[in-house]
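Every number here is computed from the coordinates shown, using simple stated rules; none is lab data. Worth saying up front: this structure is predicted, and the values here are computed from it rather than measured. All Cβ positions, even for glycine, are placed from backbone atoms using ideal geometry, and neighbour counts span all protein chains on display.
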């Protein structure tokens, strides 16, 4: 499950002598939320019944929606509803939300 969720690097890099940072921005949407979203997706896929349907509801004003949409892409038994404030998401942000992932509903 973990190997499937995290198919991207999470390097520990030196900041200064004796200080290191874990880089969490190497996921598919370049947001640290890829880690939580992808782990949640794989966890729910593992425990869901084969014929059961699960609905995930999330709200965003930024990169959460893209991370969740990407994490659940291709999971037919899990539907994702992403809410966002009308007029508060940039055009580029909407493009990421609607980047071909089937789990989305337009809110504008």
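Tell me the volume per residue, in Å³, of the convex hull enclosing the alpha carbons of region 1-88. The partial results should precede the final answer.
Values: hull volume 9.3 nm³, N = 88.
Per residue, the Cα convex hull of region 1-88 comes to 106 Å³.
Please give, to one decimal in nm, the separation of the simple spin-label points placed at residue 8 and residue 23, each 7 Å out from Cα toward the Cβ.
1.2 nm
Sort 38-46, 21-29 by packing, meaning the average of other beta carbons within 10 Å per residue, with the highest value first.
Values: 38-46: 17.3, 21-29: 14.8.
So the order, starting with the most tightly packed, is 38-46, 21-29.
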